[in-house]
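Data first, discussion second: the structure below is written as structure tokens.
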Amino acid sequence: MQTVHPSPEAVRLAMARIRRAVDAQGGDRVVPMDWGIVRRDGCRTIACHGSWYALGRLMDHPAVEWRHDETFPREDPGETLMAAGPDGEAEPVMYYEGARLLARDLGFVNAPALEGWAQRHPELWGCRHGDRMFAGDGAVAFGKPPFAQIRVSEIVDWWLAVADRLDAAIPVHRDRADALADLARRDPAALPGIQIEACAGGWRLVLRPYPECLLPMPDG
């Protein structure tokens, strides 16, 4: 049975959220990969699209706010994106929370599942290092040498190319009835994670995004 992939339109929506966050924070920039906290001053983080995605998803959420984190020196000009935790105390939003949100919005239960998909499908991801997309040497996942500098726009462009490859790879059924028949042939246990999506030329099966669950971020 053919693998069901993320929706190309879900990928494009995710990248639009990152672009929105970038625009709100002053435009495109090089993303250092040595911090894990979502920061207003440079958004310094590991394979930075995790933090940029967290920012794009959460920047208007009533439970988050920008604050100078007490763990940083007072002379540090940056501010940390803080969220109310389960106990009501404000906690920094970390890059892996954005990575998890991105994964779930694309139909994967968590970031490791998304990384595993990218590794298993280099023809769609664009290289054989997709599993490194949230790692400290994550530039290699986007066609660069490990630890090389990379801009947010380059990460977004890479993902948009993935969306284009998904458009070409996912079978399209001209009639919705054919898509329903294809769905019926799938493993019954997998059916809750699959949806029929309208697209150019007809209908296709794609992964169903997980229900929105933004804050507090659960483990896993």
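In region 21-37, of all residues being buried (at least 16 other Cβ atoms within 10 Å of the Cβ) and over 24 Å from Gly143 (Cα atoms), the one that is modelled with the highest pLDDT corresponds to Gln25.
Here region 165-179 is the region considered, the condition is being surrounded by 14 or more Cβ atoms within 10 Å (Cβ to Cβ) and out of contact with any helix residue (DSSP H, G or I) (no Cβ under 7 Å at 6 or more places or on another chain), and the residue that is nearest to Trp125 (Cα to Cα) is Ile170.
Right, Arg128: more than 16 Å from the chain's Cα centre (by Cα) and not aromatic (Phe, Trp, Tyr) or not? Yes.
Residues that are closer than 21 Å to Ile37 by Cα, at least 3 per element: which helices (runs of 4 or more DSSP H) completely within region 75-153 meet that? Give the steps one after another, and end with the answer.
On the way: elements: 95-105, 111-120, 122-125.
Because the criterion is at least 3 residues that are closer than 21 Å to Ile37 by Cα, the helices (runs of 4 or more DSSP H) in region 75-153 that meet it are 95-105, 111-120.
Among the conditions (1) without any contact (Cβ under 8 Å) to a residue 40 or more places away in the chain; (2) touching a strand residue (DSSP E or B) at 6+ places or on another chain (Cβ under 6 Å), Gln149 misses just one, which is (1).
How many residues are β-branched (Val, Ile, Thr), part of a helix (DSSP H, G or I) and either out of contact with any Lys or Arg (no Cβ under 7 Å at 6 or more places or on another chain) or more than 19 Å from Leu114 (Cα to Cα) (or both) if we restrict to region 154-196? Let's see the steps before the verdict.
Looking only at region 154-196, we keep the residues that are β-branched (Val, Ile, Thr), and these are 155-156, 162, 170, 172, 194, 196.
Checking the rest, the ones that are also part of a helix (DSSP H, G or I) come to 155-156, 162.
If we keep only those that are either out of contact with any Lys or Arg (no Cβ under 7 Å at 6 or more places or on another chain) or more than 19 Å from Leu114 (Cα to Cα) (or both) as well, we get 155, 162.
Qualifying residue count, region 154-196: 2.
With the structure loaded, tell me whether Ala113 is free of Cβ contacts under 8 Å to residues at least 40 places away in the same chain, within 25 Å of Gly193 (Cβ to Cβ) and within 14 Å of the chain's Cα centre (by Cα) or whether it fails that test. Here the answer is yes, as Ala113 does meet what is asked.
The values are calculated or read from the model by the stated rules, or taken from the named source; none is laboratory data. Here the structure is a predicted model, which is why all the values come from computation and not from measurement. Methodologically, a virtual Cβ is constructed for each residue, glycine included, from the backbone with ideal geometry; neighbour enumeration extends over all protein chains shown.
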